[in-house]
Amino acid sequence: MWAVAGTWPFSLEGIKLAAPGLEAGGTAEEAVITAIKLVEADACESSVGYGGMPNADGVVELDAALMDGRTMNFGAVAAVRGFRHPILIARDVMHCTPHTFLVGEGAEKFARSRGYTAENLLTEASRLNWEKERARQAAPSGHDTIGIVALDASGDLVVGTSTSGLGMKMPGRVGDSPLVGPGFYADTAVGGAAATGVGEDIMKGVLCFRAVEHMRRGLPPMEAARRSVIETHHLLLQRGHKPGNIALVCLDRHGNAGGAANHSAFSYAWASDQHAPELTKVASVVAQPASPDGKDYVIATAGGTAPRPQG
């Protein structure tokens, strides 16, 4: 038995590439790396890797993380400049150092020591978009992270994330994606989750750890994802803050997948030994605000459907 799930439609091609390896008995870590690397190298994807959204200074800074749910070991990097595959640097942090998290110049120095070659990640398209946003003094925006959760035939469960973060962000800003707990979490005894959205809000709800703990209590991935988004969304509302976009994808140790969001734009991709790669649209778990101040949201009943029977 194997399964793999990822955030956003752009993860589908990566999952298609990773699925044959899982079918042939490959590891969950290999599957996660394969899927994420494909998106990191795609200049058309403006929120991940090469061609990612620049910060306010016009520089692409990348964050990534990898976690093995069997050992609970993880590696993460943040604010990395000049390397299109931060997921590989995060992997090497996990396997080749006594640490779990490297940032900025330290992460870049480590990457060079591992033989990775620095390059300019700013494409013509991303440069022109940055100039346009700078001219209109745009606020930071855009927050699509690729998050992949994979289960292999040996029962290991691994999660990885990669992103360029908010476009026009302050240099050095780090969101939820490389942070264990909010942006990703995995426990082979239970399941794993990866988040995407406004990191400043996702961090406040420790979204992915919350979802894994709901699965630990017996909730299926779809309901765990749905409940985690609702709880985080309403926690922020209760504290006087209108939440930004929040979404996540979950996978449990039985190969069941699910996803949820507090907006209507989110989809996740998934595949398993029983099902070819497919994209699943997720309905928002909150309806439109029912009061003029925008704080009185109604919990919606729709949240998508579980891809495979619980077992």
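Quick note: the coordinates plus some simple rules give every number you see, no bench work behind them. Keep in mind it's a predicted model, so treat the numbers as computed, not measured. Every residue, glycine as well, gets a Cβ built from its backbone with ideal geometry; the counts of neighbours run over all protein chains shown.
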Burial ranking of peptide ranges 110-122, 15-27, 209-221 (average Cβ count within 10 Å, highest at the top) = 209-221, 15-27, 110-122
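With charges only on Cβ, +1 for K and R and -1 for D and E, what is the dipole size of the chain about its Cα centre, in debye, rounded to 20? Spell out each step's value before the answer.
Numbers: 27 positive and 33 negative charges, 112 e Å.
The dipole magnitude comes to about 540 debye.
Antiparallel versus total DSSP beta bridges in the chain: what percent is that, nearest 5?
Details: 50 of 55 bridges.
Expressed as a percentage, antiparallel bridges in the chain total about 90.
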Listed by chain and number, the lysines with an alpha carbon less than 26 angstrom from that of Lys242, same-chain partners under 8 positions apart left out, are Lys169, Lys204, Lys281, Lys295
Qualifying lysines (Cα of each under 17 Å from Cα of Lys37; at least 8 residues distant if same chain) | Lys16
Listed values (1) 20.0; (2) 24.0; (3) 18.9, entry calculated as Kirkwood radius over Cα pairs in Å = (3)
For a quick protection proxy, order the peptides 48-54, 232-238 by their average other-Cβ count within 10 Å, most packed first.
-> 48-54, 232-238
Here Rg/Rh (Cα, Kirkwood) for the range 51-174 equals 1.02
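Compute the relative contact order of the chain as a whole-number percentage, counting only Cα pairs closer than 8 Å that sit 6 or more residues apart in sequence. The partial results should precede the final answer.
Working: 883 pairs, mean separation 62.6, N = 311.
Result for the chain is 20 percent.
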